[in-house]
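Report on the following structure.
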């Protein structure tokens, strides 16, 4: 290879190297600040859940099962007549067990208990009282609820609103801490959800006997009110 060719190649190699920056991690600003933010949102529940039960006593298990099936069917028909869709009704338990009494110090079997419970989801909380009354009048022996909570769609929206407030709260905290160190808050490095609380109102109306609840002396009124959703997040900010 001739001398002038070597010179040209050398110049090209060094020429290509001009302008290439070398990463120097010790010069990178890696200061960050981590804070916890809290966001609270109040919203009215749009779902009411009732657990309706029937209990009977019959001489045989077959009779007990047949009687509970007939009664719960009548109750659920009354509930559906009030506008509850069949997809919002779910059987929870079906059971039979011996009825044991104690007579003169001895245990005596006097027939069989038959029990069945079903959960009813009411998608209009204003109708919860009406549906509760119809179940009672149709022969329900126990009613648990209503459990007032949020549908998946509304909970997701409320959760998003609470998250935004939590991040804003975290940024405010970060700015106050950064100011004390003569620094400024930069971009968000990472966000992680720590906790979400969704308290709900739970009320129970229950009969202690096998008779119907329709004779309850005082009508109960359901007030949805507002639930408070609280979310906490951990946010890492860059400092500049």
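Answer yes or no as to whether residue 170 is buried (at least 16 other Cβ atoms within 10 Å of the Cβ), assigned to a strand (DSSP E or B), at pLDDT 85 or above and more than 19 Å from the chain's Cα centre (by Cα). Considered against the rule, which asks whether it is buried (at least 16 other Cβ atoms within 10 Å of the Cβ), assigned to a strand (DSSP E or B), at pLDDT 85 or above and more than 19 Å from the chain's Cα centre (by Cα), residue 170 comes out as no.
Against the definition (surrounded by fewer than 16 Cβ atoms within 10 Å (Cβ to Cβ) and either touching a residue at least 60 places away in the same chain (Cβ under 8 Å) or within 22 Å of the chain's Cα centre (by Cα) (or both)), how does residue 176 come out, yes or no? So residue 176 does not fit the description; no.
Of the candidates 116, 79, 84, 41, the single residue that is under 30 Å from residue 162 (Cα atoms), crowded, with 19+ Cβ neighbours inside 10 Å and in contact with a helix residue (DSSP H, G or I) (Cβ under 7 Å, 6 or more places away or on another chain) is 41.
The values are calculated or read from the model by the stated rules, or taken from the named source; none is laboratory data. Small disclaimer: the values here were computed from a predicted structure and weren't measured. Note that we place each Cβ from the backbone using ideal geometry, even for glycine, and neighbour counts take in every protein chain shown.
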